[in-house]
Structure formats: structure tokens, C-alpha cells
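Data first, discussion second: the structure below is written as C-alpha cells.
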């Protein structure tokens, strides 16, 4: 019994299915271009064996443990560490067994699709994961993880990755990236500049972060001009190690376009910690515009991920910290929010801003109309909760008619779950081919065009949009 | 000519259709679990014959007369009573004929599906209802309604209902429920605690309602603590007659989590009628949290139905009163609104809160992410205007990938239209089976899993979620 | 190689496709009723030859040049005139070649569907438009445009148009409409009353516009009563030349229902230019209600198009002016916004208000529930960015179950692109037939009903709703 059928994710109608399969056949083996993700550069630098199956596949994956928690399980029982060091389950096999028994809760979710694909293609398992098969699966995975051919660099090559971007704080010394470069290994791992910790006055330790930014950049972060210069220097340092993009996670898409005097005055209050909540929000807004201007200058592509309310449960945040599945999307405005940034650089062909959303209502109403006219804007793929077959389909249906395909940027896996990367790209390629096959079958597109587009969506657009 | 085809609501593609039919075949005859609805407990207590076809099927159904009104008809011509007693049509046959002539306006609506199903399966009619067939239909229905086998208890048994919940005000004496229990009849009719009239300061007669609440509960509703105690006592009285749930219709999903002192002070102002609009809204918000706490304590499952703007037309409200089709959905926030309640009980596995929405944009953006992590939350089914094939399909497509199936609660018929109950459950079972069949055909789910899920969605989840 | 397949836009499943094609076959050749559009009445009055292919098909079409601009092209290179007269490309063939080379950017968009259809059916071209075929296409189109059988009146007849409405400012002298009427030509070209320039205090030259309104109407626009009377007279003048409708483009759907005294006082401030932004918005809101009242009195059907933020880019507006693709949709409320207007005329069967939206989230949540109960309301078709196969499908899926088909009004082409009119109606007819075919195949509608509905959606509803 195969876990992943060759026709997986293709529509049932035989004509559409056959064409989708043909299209997919021409892109299935294309190299993976992964321009946005969260794998750890140390993996590639150190090339150590991965730990046990649970530590690799369960414990760090908030898609997994949030669902288990929603069904009444305790995070501690799945090895999720507590901030205060209160003990949690550490035995990989125990965690794996618990997960296997609850795996049916993931029916209908992309987690299920990714994991089944990974079990089959990476670990050669073809029995469904259940309580009954848990140990056999665990043993088989553990055995493979102990072999050299499952070290990070070997997996990178096995996965046919052409280039992968990590996400790195502005204060990161990039030593792993330097080590990779110096190692002579020919894998292409590039950093991405993520300055939230030195841009968001509400970030933990913001003032100290600016001090460290001064140290690491050699610029004086005590003044607005020096602070901007520090960013420029750090961006250049990232570029020197291969970065082609920046990434910005903000609560909203608000941007601002203050005069230099206004911005400098605002920076002083933020720097001193005397800014109120409105001023802190205004500072974040201003910084998006500054980053967009720098994008036009230095060519780093800018990514904006707005609209998540982080750490919704104060109690869970206090016990477990960030990124525990309690980041919840909110309604997000783009039309008014982006106007200041677009006034500054929207029609500048050197600038490139990729927009993401967790609020799908904005696709047809706001994002496709904006990206369909401003040369500086492109649409990021269906993201996070929408990185899924239905989410991707809705993305194409909502955006294509207004923005076309060429104002989109291909797929992002956006993941720290390294083994799932091929699965994620495979889902995206299949869903896009299914969409194209429907257009051809409905005579809205010619077959030759669909072949070109399948290649662009799987490979070409990501390289072009991210300047990789 | 059959009004309802065996393949009704199944997708056209033969493979999906065949599988959908197989799945449906295994759940079609499962008993009906109806955990939320508005049938009148007196029907089951008194077991009287239903009146004429129009009074049973047309006059009380606001889905029907709102559409007729939108097409230029007068409500009076369909027997809808006026508040001032101005005369309205009373002849059942006249009303029925008028309706039959306008029945084509319902093409494409669930009302049409429910009525055709009811005509065929309950009244053995297989000709389309039109002006030309109106009298034949009327006579056939009237004849059956006069027979003992169409009395409420007989229909309950014919419909294969296992349990049905009614909705009962906090001040209801539950005499009908007591009479049913004492009658020895083995039908299971359970009340649901709906306290809007004693929770919402804007409800007509709120102050007098609190006095009656004191009388009926024996608690002192002059103080905050006594008022809460009155709720606890009434909840216990409902539980004693089989209730497993409460139901709360609020304009928004706002919740609050005040200190005891703040809440007591707010109650005093509300009790005295001196609270302003903001305070009255805050009181409603606080009461959702109080009810959620009581849910954790006494185990009654809590249902929240926010987001309807009631009685949109002042003129129609003045002439005909409530529930005349002028309740219009509005945009509804959940992420911020529910945070106080979730801070109080969201991670408490004893609590259970079922959320409904009339704003479908919240499904993928807010509700599925919230229900996919908080153990106290579950998602109610597509409701009211979305209790329809497209509405249910969109519900599954928007929520499953993030919240899975097991954070949903099965189907609610939510109706006072007793004869339509089997039709409504049948639509839900068919649409869910069609959705599952698509997942299987696209190899996103195994067939054996789909069979388990079909049973859960049709039967198991409702029993479990509502603790029935 | 045909550009447009006979099965174009029909679903792939053979049963649904066959039925869709049957339904379409019965409506394909119905006359075009075009109750809302922007063709120039001078075309029909003067009946001059159209200019070169680029000037006809590319330069005036903001769907086209906004996409080209988004891909980094300059508007000047496509002949879009600058406000300051800075030179732009004027050579039609050069513009056409540039466009042909970029035409692949339109894959997946309705522009592509319309243009391919037009190339094939109007210009007998059956090769795809590319850089390689650009000249052949250009020559073929140019040759035909020089012939009498491609003059406006000949095209009107060739297109089988039964009636077409233009959109005309309140200050328009309607001389072209008078000339058409007096010419003896039997084409039916009717004006539509669009008073934005004399209703919106933020319109350029508002005060002077009111002076001209006084001149043209003979009413005193210095007082509120005189101003309303001026509208009544202009509406009557439009009706005398065949108008059956008015059209109102507002930033929001806000309406108001002031007392006569309040409205008169507000008018005075607006007239004097002393009204602040809130008062100017209130005046627009009040005027929607006044126009709805006049609709009840004189029978002109009222169309409201809210929710576009005009001229999003100040820089592009300064260089190129209005209507250059920078009008971006925004979130739009209807439930509260329309309540004052609906209080005034919502239940008056003489009134008729057709609502459009660019915010699709309002369809299922607000617009279908409102139109499904208020007799004065009908739903306009999927509009602008949603005038597309997916947009139309979503419109039907989101509105039909609550509002039915008979609270909708058929199709609007809403275009100034005269050659594309048959293409646009053809898309709508095909998409509606595909939707109906799905309902029949899923046994939600009988085939005979679908035939009736196909005719109504393609022809009957537009004539009825617009009183044509």
C-alpha cells in the first residue's frame, strides 16, 4: 500500500487529471528553489546527524503540536520545552507513539500530506502510521537518521535543492554562513535579513539590541542617520554572503512616509524608550518604507508578512514562550496601509516588495489589484495556514484574473522542518499543475502555454523574483 | 418523476459520485442527532395534530416569506400575523396556492431542496409544486396531517431521531419537558439553556426578567453573586431535565474578563438601568465569560452565535415583530473579541465552547486557527444562510486544513420547521460525503478513513461534542 | 488553430459540459441587452470609422495598460496621454508590437479571453497573438477597420445589440443622443443619469458644476429645494431620451436620511464650500437617499457602485489623470451603511436599487441577505475585477442560495471597449450556463428550469430589472 498515490492531488475528471499529470511530469524533477525558509544554517555548516525521529519530526513542529493540544493533549507530553525548565517528555519513542495514536486527527490537513510523503519518499515506509505501526516506523526512521546519507548536506543533495535561504536576525554574526562558504561544499545556502528585533520597539530587549547593532555594524545607532546606516551595513554584510532578500514580520501592513526631521525625532523617542504605543507603531510603519527605499538602492528583495497576532494565549506564552501555535491571523488592510510606502517606491522599477497575507479576503479585493498595477509589488504564495491544497487553489483562483501569473513569485516552503521540504514543493507543483490543467481543459489557456507556466511557477518565477 | 434523485448533491464526475454514494449509503440511515434546534417542546408533550399545510410549512418559515417579500409580495398575504392584529390571510389553501405560484423564485436555494425532499419522502408527492399542482399537493398533505401517523411523536419516530434539543429561555418553567419525561414516551427531547433575556440589558423587559429569574430560581438577583447563583441554579434545573448545552445569541463575539469588584459594580448599574450602551455591551461580554466558566464547572456545552444585526427594518419590526427575515449578518471579529474568555477557560479541558459564524471570512482566517489550538473551542457547522450545499462545502474547504475534522461538531438543523429535519440532515450527510469522496479521489485520504469520518460527521461528533 | 474553442469555459466533466453546451446553445444568439456601459454616444451619432488597431484596442483600455505597467513598462510607450502634453508613443503599429510581445502576461485573465474572442470573431484571426504574428494581426485589423462594415452602427447591428445604455454626466447636453434619435437609425442607444459631478462636493469644480446645473436645468441650485428640483428636471430630460436608470459611484455605501431642515442646512454649507470632510461625506450619503426617493417617484432604476479608492498613486494621477488603473477596491460595509436609505424606500415596491460590490466578502454575508428580503434591492452582476469566469462563478455560488436568481439583474458589460462587448456577454452566458449545468447534474434543479433560467440570466432579467 503506497502512502502517496501517483495521482495525488490531481482532480478526478480523467481529462484534467491526465493533463495535470503530464504538466507535473515535466516539473516534478526540477531543482528546488527555496527562497524563504527557516532551516538552521548550522545544520549545513556542521553537518551533524539529526537526532531521533521525534526530535526531528514532532517536537519542533508547531503545526503538529498545536493540533494535538487542541485535542486535549499536553505539550509537555510531546517534549515541547518549558521556559522554566519544568520537566517534559524526553523519550523519542514515547513521543512518537503518542503522536502515532493521534495521527488520525490530522486527516484533511497538509501536515498529513507532508508527513505521509516524507515517510514514503525519505524513509521508504508504505504502511499508514497508526498506534500499531508506530514502533516499526520509529525504528526504520531512526536507523536511517543514523546513516551518513541522512546528514544535512546529503539530504540537501538528495532533495535536489539548488538554493535555499535561511532567515537570520540583523544581529546574527552569520558565522554558520561563513563556515559553509569556507567549507568548499557546493550547496548554496543564503541568508535573509530579518531585522524585526532592531526595528520593532516592542521586541524584547529592543534598546540593548540597538546597542548590539552598533557594535556589530560599527555605525552609531544613537542617531536616526546612524541607525539607518547600520541597517545598510548589515544588509551589505548579508549580501556579501549571498543574501538576496529581507523579511519583515509586522502586526499590520501599516507604512509611513515621514519627513527626515519627523523620523529623526520619532527615532529619538523610540531610542530612549519614551515612545507611546502609537509612536512605536508609527516607527514600525516608517521602517517598512525605509527598508523599501534601501531595497531600491541595494537590490535586496523585500518581503512583508503582516497580520498575525502573536502569542494569543498569555498563559501558554508564559509557560512555553514564542512560536507555540498561538499566532492567530487577523483582518489586514493593505490599500490604505501601503499607500505611503508605494508613494515612496511603488513605481520605481528597481524596488521589489513581495506581499504575503493570512487574510485571504484581501487577495481578490486588494492584493491582486495592487500587484496588478504597481511595478514594485509582487504577490507571495499562499502562506502558513494557507500553504495547503485548498489554500493554494483559492490563491490562484482569487489572484490570477486580476494580477496574472507573472505578478506572483512561485512557491515558498517557509519551514524549519527540513525533511518536509520536498513534500511541500511537491504539493505546490501538483496544485499549480492541476489549476493549469483546468484552465487548458476549459480552453482558457493553450497547452503549450500551460507547459511554460508550469515551469515558471515551479522554478523560474522564484529565481527571477528573488534574484537568485 | 422523482423530486429527489438518488444522486442528489453528489458531484458529476462518475468516480467521485460513486464513492460519495457509497459513503452516503453507510450513513443515510443513521439516527438523527439534533443537538440544536427550535422545535416546540409542547408538540412532543401534547402530541396534537399539526394544522393545515400552509400553517405548518409556510407561515412560520422566515426563509420562505422573506424571499416572497423580496419579490414584492405582502407578508399579510401569506398569513404572517401583524402585531396590532390587522387582518391577514387565514385560508391555508389560498396561502398555499400563492406560494406554489411563486415557488420558482426558490430555485437554487436550500428551501427548495428541503421542501422537495419533504414533499417526496414525507408526503409521497413526486410532481413539482407549481400553480397547476398546488391543490393536489395541498389535499395530499392535508389528508396526511389529519392522520395519527403524522402526529409529532409519530414523526419523531418516523424520522429516526435519537435525540433532539429544543431551545428554552432561562425563565421557561420547562413544564413541557417535564410532561414529556413523565409521559413514559421514550423519545429523547432535551432542553437547552438560552439566557439572552436575562443576560442582555437591551432585551425587552430586562429588569422584570431579572425579578422573574429571582422568583423562579430562588436566588437574589439584586446582587452580582446572587445573579450568578441564579444562573447556576437554572442551569442545574435544565440539566435535571436532560440539557447538555447552553446557547447564546449576541450581536458580537465580544467577551470580557473583569475582576469580581468591577463586575459587581457593572451589574449594579445594569440592574438599576443606569448603564450606558458601552456598559451594557460590556455586561454582555462579561456574561459570555461567566457562562464559559460555568460550562467548565457544570459541563454544559456552550454555544455562541454572534454577528447578526436583528430587525434591520424598523418599519417591518413595528408591524410584524421579531424574526421576520430582517436579521442581517455583519462582519464579526473573533481573535481579539474572544481573548478574555479564552484567557479564562481556553486551555481548560473541562470547558467546551462551540463557535458559529455568519461571516464566512472568519473561517479560514480566525476560527479554524483558534479552534485548531485551543482545547476549549470547537467549530459549529455552517449555519443559517450557510446551512446549504455551497455553504457547507465552503465550510469544509475553509476549515479542515487548519482545524481538521475533529475540531468540528457535526450538523445542527437549527430549525423550528419540524418536517424539514430529515431533509436538512440528509443534505448535510450528502455534502459531507461528497467532500470526503473528493479527498479520497484526490488521494488526500484513504477510503477506510473516509468511511470512519462519514460516520463521525453524520453522527459521532455531534454526540461527543454535545455530550449526548 | 482556433483561438476560441466551442467548449470554451465549460467544465471538463462530460455530462456537465454537454448540458452546459445545450443550455448555451439556446442563449448564444439572443440579442445583447447592455443596460450599463461606457461606450461614447458620439460613435453612434457620427458613425465615423474607428482609428487604428492600437487606438481602438490598447490605448484606452486600463485593464491592459495597468498590467503592462505592473510588469515594468512605461505608459507613455503605449500611447497613454500625459496631462502636461509630454510626448508619448503615437505610432499604432509600434504600440501594437510592444503589446503583442507582452501579451503572454495576460494569461489567465479575462482580458486575454475577450481579446482572443474579438480577434477570432470580429477580425477572423485564428493565430495566437505574439511578437511574431503582431504585424499580420495589425494589418488584418487595420484593413477591416477601414471598411464601412466596421463603422459603429454596423458593429452595433453585427453584434445583435437590442439596446445599449451609455453613461452621461448630469451636465451633458445629450446632443449625441438627440442626434441619434433624430437620425432615423433604428439602433436603441439610451443615456444613463450619472450625477457624481454635481452630487460629490469633492468633485473637481463642484461649485461651478452646480452653476452649470442651474443653467442647464433652469432650476435655482442655490437652495436645497431648487437643487433637488434641478435633479428632477435633468432626470426627466434623460428619460425623454430613453434613460431608464441612474448610476452612482461613491467611495462608500454610506447613506443618510436627514430631516428637510438638516439637509437644507447641510446643502448650504456644501454649496458655500464651508463643509468639512465629514459633512461632505454626509452630503453624498444624503444624496443617495434622495436619488432613491426620486427613483420611487419617476421610475429610474438606481445603481450604486461603492468601494473604490480612486487614484491610489498621487504621482501617476498627477502625470496621467483619472482612470489609469489606480482605482483600488476597499472593504465595504452595506448593512449599516444602507439602513437609512432602506428605511426611506426599502420596502417601497416602486423603488429599485441595484447594488454592486468590489468586496466579494459582502456577497454571502450582507448583499444576498439584504437583497433576499428588501423588495427595493437587487444585486448587480460581478463587476470590474470580478467580471471574469472565476468572479462570476463565485458570485453565483455566494448569492444564489440566499437571494435566489430572481433578485439578480443579468449581466452588465460596463465597458468603453466597444469591440469586446460580444466577448463579454459570451463569457457571462457561458459561465452562467456552466453553473446551471452543475446544479442540474447535481439534481438541485430540473433541466427545464435551467433552460428558463439560462434565458432569464442572458436576456430576460436585464430587461426587467432595468425596465428596458
Sorted from shortest, what are the nm distances separating the label point of residue B:315 from equivalent points in the other copies, each placed 7 Å from Cα along Cα to C-beta?
5.2, 5.2
Would you mind estimating how fast region C:351-437 diffuses translationally, via Stokes-Einstein at 4 °C and 1.567 mPa s with the Kirkwood radius over Cα pairs, in µm²/s?
99
Peptide C:62-69, shielding by other chains (average Cβ, 10 Å cutoff)
3
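Could you tell me which of rounded, prolate or oblate describes region A:282-371, using a ≥ b ≥ c as the square roots of the eigenvalues of the alpha-carbon gyration tensor, with rounded for a/c under 1.5 and, failing that, prolate when a/b is larger than b/c and oblate otherwise? Let's see the in-between values first.
Details: a/c = 2.64, a/b = 1.73, b/c = 1.53.
Prolate, since a/c reaches 1.5 and a/b exceeds b/c.
Give the average, rounded to an integer, of partner chain Cβ atoms located within 10 angstrom of each Cβ in A:12-21.
Mean shielding count: 5.
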Translational D (Stokes-Einstein, µm²/s) of region B:183-239 at 4 °C and 1.567 mPa s when Rh comes from the Kirkwood sum over C-alpha pairs?
105
Extent along principal axes [Cα atoms of region C:262-412; Å; largest to smallest]
47, 41, 25
Ranked packing of B:209-215, A:250-256, A:297-303, most packed first, by mean Cβ within 10 Å:
A:250-256, A:297-303, B:209-215
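Please state, to two decimals, what the Cα-based radius of gyration of region A:51-150 comes to when divided by 2.2 N^0.38 Å (N = residues).
On the way: Rg = 13.2 Å, N = 100, 2.2 N^0.38 = 12.7 Å.
Against the empirical 2.2 N^0.38 Å value, I get 1.04 for region A:51-150.
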222 nm mean residue ellipticity, helices alone, for chain C (DSSP H n ≥ 4; -39,500 (n - 2.57); rounded to 500)
-14500 deg cm²/dmol
Taking each residue of A:390-396 in turn, how many C-beta atoms of other protein chains fall within 10 Å of its C-beta, and what is the average?
3
How big is the gap, in Å, between the Cα center of region C:423-468 and the Cα center of region A:275-341?
46
Copies of residue B:18 compared via label points 7 Å along Cα→Cβ give distances in nm, shortest first, of 1.7, 1.7
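By counting other Cβ atoms within 10 Å of each Cβ, how are A:451, C:260 ranked from fewest to most?
Numbers: A:451 17, C:260 10.
With the sparsest Cβ surroundings first, the list reads C:260, A:451.
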The protein assembly as shown: C-alpha gyration tensor shape, a/c 1.5 cut-off, then a/b vs b/c:
rounded
Neighbouring Cβ atoms within 10 Å as the yardstick, rank C:114, A:224 fewest first.
A:224, C:114
Compute the distance in nm between two label points, each set 7 Å from the Cα along the Cα-to-Cβ direction, one at residue B:260 and one at residue C:94.
8.4
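Arrange C:378, A:324 by Cβ neighbour counts within 10 Å, fewest through most, would you?
A:324, C:378
With the Cα gyration tensor of chain A giving a ≥ b ≥ c as the square roots of its eigenvalues, does the rule (a/c under 1.5 for rounded; else a/b larger than b/c for prolate; else oblate) give rounded, prolate or oblate? Mind dumping the intermediate values first?
Working: a/c = 1.67, a/b = 1.23, b/c = 1.36.
Note, shape of chain A comes out oblate.
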Output row for residue B:139: copy-to-copy label distances, label 7 Å along Cα→C-beta, ascending, in nanometres, one decimal, is 7.7, 7.7
What whole number of Å gives the distance from the Cα centroid of region B:211-245 to the Cα centroid of region A:73-140?
46
Rounded to the nearest Å, the spacing of the alpha-carbon centers of region C:146-160 and region A:6-70 is 57
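Just so you know, all these numbers are worked out from the coordinates, no wet-lab data involved. What you see is a predicted model; the values in this text were computed from it and never measured. Counting neighbours? That spans all protein chains shown, and the Cβs are built from the backbone with ideal geometry, glycine included.
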